[in-house]
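J.: Got a structure here, written out as structure tokens. Questions coming.
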Amino acid sequence: VRPQSSGFWPHLMHFLWVRWLDDKLRWKSGRRQAHLPKIGFGLDTDDYAFGFLDPTMVIRGSHLLPDFVGGRTHELLQTVESTAACEDQEDDNWANYHVNIFVDRDMVMRYFGGGISHLDNNWLHQWMLWKRSYLMTRMPKRKTKN
């Protein structure tokens, strides 16, 4: 609390607690290499592994794909008990992730359902069909030439 503060009453403050990702410097990515960019968590002992962020600074999210070839590791987050990052009996993380730079059918399946490990979101599809038909009935009819 600073001297110029107006009071000591509690107030709501939004923030994000983040675990920063590192760019894998030796990894070559791009169209010529036909590789997506690769990132991964640094060691939790690094002074800058975690931090706080103002939510208004977040521009957008990204779609991260686990690097299945790189496998999982126990070395990145040393925890004794379960945390939000690691549930009971889960003491490892993916070693690295690829940044999905293409918005493709994977993202569509994420929201419409049918994708691997994603619930069926048929209600969303039905709502969009209803919304489309509703809007079509409200639109003025086009005059056609004979």
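J.: Could you look through region 44-77, keep only residues that are assigned to a loop (DSSP other than H, G, I, E, B) and among the aromatic types (Phe, Trp, Tyr), and pick out the one that is nearest to the chain's Cα centre (by Cα)?
T.: Here the answer is Phe68.
J.: Given (1) modelled with pLDDT under 80; (2) surrounded by 11 or more Cβ atoms within 10 Å (Cβ to Cβ); (3) under 30 Å from Gln126 (Cβ atoms), where does Asp91 come up short, assuming only one miss?
T.: (3)
J.: Now for a separate question. Specify the residue that is nearest to Ile101 (Cα to Cα); the eligible residues are those in region 40-61 that are surrounded by fewer than 10 Cβ atoms within 10 Å (Cβ to Cβ) and not charged (D, E, K, R).
T.: Gly61
One line per residue, one yes/no per condition, for (1) at pLDDT below 80; (2) closer than 24 Å to Phe15 by Cα:
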site: Asp47; (1), (2): no, yes
site: Phe50; (1), (2): no, yes
site: Gly61; (1), (2): yes, yes
site: Leu65; (1), (2): no, no
site: Val69; (1), (2): no, no
site: Arg72; (1), (2): no, no
site: Thr79; (1), (2): yes, yes
site: Ala85; (1), (2): yes, yes
site: Phe102; (1), (2): yes, no
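J.: From the set of residues in region 14-29 that are in contact (Cβ under 8 Å) with a residue 24 or more places away in the chain and not aliphatic (A, V, I, L, M), which is surrounded by the fewest Cβ atoms within 10 Å (Cβ to Cβ)?
T.: Applying the filter and picking the extreme gives His14.
The values are calculated or read from the model by the stated rules, or taken from the named source; none is laboratory data. The model shown is predicted, which means the values in this text are computed figures rather than measured ones. Note: ideal-geometry Cβ built from the backbone for every residue, glycine included; neighbour counts use all protein chains shown.
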